[in-house]
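First up is the structure itself, then whatever we jot down about it.
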Amino acid sequence: MQTVLGSGGQIAEELTRELRRNFTHDIRLVSRNPRKIHETDQLVSADLTDAEATEAAVAGSDIVYLAVGLPLDSEMWEQKFPTMMGNTIAACQKHDSKLVFFDNTYMYPRTATPQTEDTAFDPVGRKATVRAQIATTLLNEMDAGRIDAVICRAPEFYGPGKTQSLTNSAFLNRITQGKRPLVPLNARTRRSLIWTPDASRAMALIGNTPDTYGQTWHLPIDQDRLTYQEMLTIASQITGNKVRSMTVPRWVFKLGGLVSPAVREAGELLPRYRQDNIFDSSKFTERFPDFQTTSYRHGLSHLLAVE
């Protein structure tokens with residue numbers, strides 16, 4: 001049995017499809033309101049902040065994937081994520097289940113220095129602090145030998161379906177809507193973006209490869225690391241229309257944050273757009289040389305409905 005905690009989001013749905021395609025038909029989906037992706041999927045409704053409910057949801061699982069996504073709400077993150085992590089660790093320990101944790105890069109330094117699996121955490125902001133806390137909690141349990149776990153870390157998303165990110169919502173989605181795309185702060189800094197189906201495929205592969213456990217892995221990306229300006233050029237070539245963007249300065253986000261909680265919450269992430277973001281996934285590429293990542297051009301073609 002392989003169990004996905006936090007089913008329903010784009011990453012979890014793609015993960016479930018990949019597990020069935022290549023690894024197992026014995027899949028359990030867990031969330032407050034889970035829905036089947038395949039007819040044989042088991043559904044368990046559970047609140048992962050409830051220890052007993054989490055323990056019951058994990059029971060009988062060989063591998064558990066923690067892929068919970070929460071809205072960009074600092075207070076919610078502080079209240080829920082540490083409890084969810086603690087409950088999941090305890091449940092996996094009780095049932096001798098392996099744990100695969102889907103993580104992000106919020107806790108990394110806000111610099112242009114390349115990020116590797118050995119990059120030290122330097123969280124700035126409430127959400128970054130929470131992410132550092134829960135990752136450290138799991139790392140401590142791993143280092144102590146109290147759980148067989150692996151951390152799969154991804155940079156900013158872009159992709160199809162319900163994929164949520166600043167790049168998707170402010171930039172790519174607006175192109176498909178015929179609107180002028182918005183660029184946060186700087187159009188000429190290099191971005192590290194991961195195609196969400198690639199992230200899920202790679203996580204399933206790592207979770208089903210025994211020698212990957214006890215480590216952190218950066219999930220694979222197209223190493224070209226385009227700037228938004230270069231993405232605009234590709235988008236113009238794909239659509240056959242000149243796509244022009246609008247660069248949004250920091251003060252506009254600050255002003256918007258006065259009236260919009262969502263904009264205010266996103267403000268914590270903005271310093272990451274001032275300079276290059278270099279996410280290094282060479283460790284994964286060396287271990288899994290046959291894994292095919294999606295190029296930015298192919299991904300953009302898919303999102304803009306032109307192949």
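The values are calculated or read from the model by the stated rules, or taken from the named source; none is laboratory data. These figures come from a predicted structure and were not determined experimentally. Neighbour counts are summed over all protein chains in view; Cβ atoms, including those assigned to glycine, are modelled from backbone coordinates with ideal geometry.
One residue stands out among those in the range 139-156 that are surrounded by fewer than 17 Cβ atoms within 10 Å (Cβ to Cβ) and small (Gly, Ala, Ser): the one that is farthest from GLY267 (Cα to Cα), which is GLY145. Count of the range 173-218 residues, restricted to those that are at pLDDT below 95, over 19 Å from the mean Cα position of the chain (by Cα) and assigned to a helix (DSSP H, G or I), is 3. Restricting attention to the range 219-249, which residues are free of Cβ contacts under 8 Å to residues at least 12 places away in the same chain and under 20 Å from the mean Cα position of the chain (by Cα)? Correct list: empty.
Within the range 288-307, being of a type outside the set (A, V, I, L, M, F, W, C) and either over 29 Å from GLY178 (Cβ atoms) or in contact with a His (Cβ under 9 Å, 6 or more places away or on another chain) (or both) holds for PRO289, ASP290, GLN292, THR293, THR294, GLU307.
LEU48 meets each of the listed conditions (1) at positive phi; (2) in contact with a Ser or Thr (Cβ under 7 Å, 6 or more places away or on another chain) apart from (1).
Given the criteria β-branched (Val, Ile, Thr), out of contact with any helix residue (DSSP H, G or I) (no Cβ under 8 Å at 6 or more places or on another chain), surrounded by fewer than 21 Cβ atoms within 10 Å (Cβ to Cβ) and modelled with pLDDT of 95 or more, does THR113 qualify?
Here the answer is yes, as THR113 does meet what is asked.
Among the conditions (1) closer than 30 Å to ALA53 by Cβ; (2) surrounded by 16 or more Cβ atoms within 10 Å (Cβ to Cβ); (3) touching a Phe, Trp or Tyr at 6+ places or on another chain (Cβ under 9 Å); (4) modelled with pLDDT of 95 or more, the only one that THR136 does not satisfy is (2).
None of LEU70, LEU15 is under 20 Å from the mean Cα position of the chain (by Cα) and farther than 19 Å from ILE206 by Cα except LEU70. Every listed requirement among (1) farther than 21 Å from PRO123 by Cα; (2) surrounded by 15 or more Cβ atoms within 10 Å (Cβ to Cβ) is met by LEU270 save one, (1).
Quick check on THR163: is it crowded, with 22+ Cβ neighbours inside 10 Å and not in a helix (DSSP H, G or I)? Taking the combined requirement at face value, the residue satisfies it. Residues in the range 236-267 that are modelled with pLDDT of 85 or more, small (Gly, Ala, Ser) and in contact with a Lys or Arg (Cβ under 8 Å, 6 or more places away or on another chain) were compared, and the one that is surrounded by the most Cβ atoms within 10 Å (Cβ to Cβ) is SER245. Look at ASP62 and say whether it is farther than 19 Å from ALA149 by Cβ and of a type outside the set (S, T, N, Q). The answer is no for ASP62. From THR176, THR216, which residue is among the hydroxyl-bearing types (Ser, Thr, Tyr), farther than 30 Å from VAL243 by Cα, in contact (Cβ under 8 Å) with a residue 40 or more places away in the chain and in contact with a Leu (Cβ under 9 Å, 6 or more places away or on another chain)? Exactly one of THR176, THR216 is among the hydroxyl-bearing types (Ser, Thr, Tyr), farther than 30 Å from VAL243 by Cα, in contact (Cβ under 8 Å) with a residue 40 or more places away in the chain and in contact with a Leu (Cβ under 9 Å, 6 or more places away or on another chain), namely THR216.
Scan the range 111-154 for residues that are in a loop (DSSP other than H, G, I, E, B) and without any contact (Cβ under 8 Å) to a residue 40 or more places away in the chain and jot them down. Lay out the reasoning, then the answer.
Here is the first cut: in the range 111-154, the residues in a loop (DSSP other than H, G, I, E, B) are 111-114, 116-125, 144-148, 154.
Residues satisfying the conditions are ASP118, THR119, ALA120, PHE121, ASP122, PRO123, ALA144, GLY145.
To keep it simple, each residue is scored yes or no on (1) more than 21 Å from MET107 (Cα to Cα); (2) buried (at least 18 other Cβ atoms within 10 Å of the Cβ); (3) hydrophobic (A, V, I, L, M, F, W, C).
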residue: PRO181; (1), (2), (3): yes, yes, no
residue: PRO184; (1), (2), (3): no, yes, no
residue: ARG188; (1), (2), (3): yes, no, no
residue: THR196; (1), (2), (3): no, yes, no
residue: ALA199; (1), (2), (3): no, yes, yes
residue: MET203; (1), (2), (3): no, yes, yes
residue: PRO210; (1), (2), (3): yes, no, no
residue: THR216; (1), (2), (3): no, yes, no
residue: GLU230; (1), (2), (3): yes, no, no
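The range 223-307 holds helices (runs of 4 or more DSSP H) entirely within its bounds, and those carrying 2 or more residues that are touching a Pro at 6+ places or on another chain (Cβ under 7 Å) map to 282-287, 296-303.
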